[in-house]
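The values are calculated or read from the model by the stated rules, or taken from the named source; none is laboratory data. All of these numbers come straight from a predicted model, not from anything done at the bench. So basically every Cβ, Gly included, is an ideal-geometry build from the backbone, and we count neighbours across all protein chains shown.
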Amino acid sequence: MVADKTIKDSVTGGWVERMPERLRPYLRLSRYDRPIGFWLLALPGWIGLAFAALGYGFAWGDLKWAVLIGIGAVAMRGAGCTYNDIIDRDLDKQVERTTLRPLPAGTVTLKQAWIWLVLQCLAGLVVLAFFPRQAQIIAVSSLALVAVYPFMKRITYWPQAWLGLTFNWAVLVAYVAKTGMVDLSIFLLYAGLVFWTIGYDTIYACQDTEDDALIGVKSTARLFGGKVKLGVGAVYLICIFLIGFALIYAILLSKNDLASVFFHVDTSLAGYIIVLIPFAVHLLWQVFKLDPNNGELSLRIFKSNRMAALLLILTLSLPRLANML
């Protein structure tokens, strides 16, 4: 067995490093030492709740859905990362950033990893039991996306697009849990968040472009090459427009003129522009700051997407909150 060491992009000095040595490999398999992934899986669900509130208002039940989405994100992100490491264990041995992950490092066996995966999936099923039947069906249908994702980097330069489809599925689950239905607006929002994920995961992939090229792993960071900033900027721009169209559609369908309530302007377009400004500015800042050759900076920019999503949730919530005052 290889000596227990801290993985390169772990949170140094975090609580995982203070846990008993026998538990650390399992916590690392689930990426508890890198909590940003839990945020990025839960935040689309919370965005979906805030978006649904534009037309349906806030209710105490929303808090229940938000908590369940958070717990489910922890369970299923951990399960997904464990599954990903099982599939990628041979590739991870060849990449500097991932060579100390538990499976390539030998701190857990393949059998132990599978058992840990099953336990996390069971925890996710317990959480899912509290959701309405329609939301359950939508949530379970995402398992096909999860199962195929680890293989996408082997066959396409767009694995980030598949990750976007997978990571943002919670926005559909949350919207259906609150409203009991789906409509065009939520699919537009989902599509916009998919492009958001393509952008931030391209930034993340900038850390591994050299190793990925050597072992044949594909990514949008490699596809864009010397035009990574342009590529990220383009997908972020598409993201902003799609979310904007989703907002316009939702406001036009709303029984209450939320745009005029909050913005004092009798037009949905003004509301759309103001709601999106903080989120859009943050994405543009990421593009401006990005240096594809600086791995540490790329990681920091990637992690900043937690704040980007929180800004979007806040601005989506403000119109309805203002209407309640």
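Listing for the model above:
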read-out: In region 82-92, the residues that are touching a Lys or Arg at 6+ places or on another chain (Cβ under 7 Å) and either surrounded by fewer than 21 Cβ atoms within 10 Å (Cβ to Cβ) or closer than 22 Å to MET307 by Cβ (or both); value: ASP92
read-out: Enumeration of residues in region 57-73 that are closer than 24 Å to GLN120 by Cα and surrounded by fewer than 22 Cβ atoms within 10 Å (Cβ to Cβ); value: LEU63, LYS64, ALA66, VAL67, LEU68, GLY70, ILE71
read-out: Residue in region 188-201 that is hydroxyl-bearing (Ser, Thr, Tyr) and free of Cβ contacts under 8 Å to residues at least 12 places away in the same chain present; value: no
read-out: Single unsatisfied condition, VAL182 versus (1) at pLDDT below 95; (2) among the β-branched types (Val, Ile, Thr); (3) surrounded by fewer than 18 Cβ atoms within 10 Å (Cβ to Cβ); (4) within 27 Å of GLN94 (Cα to Cα); value: (4)
read-out: LEU128 of a type outside the set (Val, Ile, Thr), touching a Ser or Thr at 6+ places or on another chain (Cβ under 6 Å) and surrounded by 17 or more Cβ atoms within 10 Å (Cβ to Cβ); value: no
read-out: Which listed residue is touching a Phe, Trp or Tyr at 6+ places or on another chain (Cβ under 9 Å), of a type outside the set (Val, Ile, Thr) and crowded, with 21+ Cβ neighbours inside 10 Å, from LEU54, LEU145, LEU103, LEU49; value: LEU49
read-out: Helices (runs of 4 or more DSSP H) wholly inside region 218-267 containing at least 3 residues that are modelled with pLDDT of 95 or more and of a type outside the set (A, V, I, L, M, F, W, C); value: 228-253
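Each row is one residue, and each column tells you yes or no for (1) closer than 23 Å to VAL118 by Cβ; (2) at pLDDT below 95; (3) part of a helix (DSSP H, G or I).
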site: VAL16; (1), (2), (3): yes, yes, yes
site: ALA42; (1), (2), (3): yes, no, yes
site: GLY45; (1), (2), (3): no, no, yes
site: GLY55; (1), (2), (3): no, yes, yes
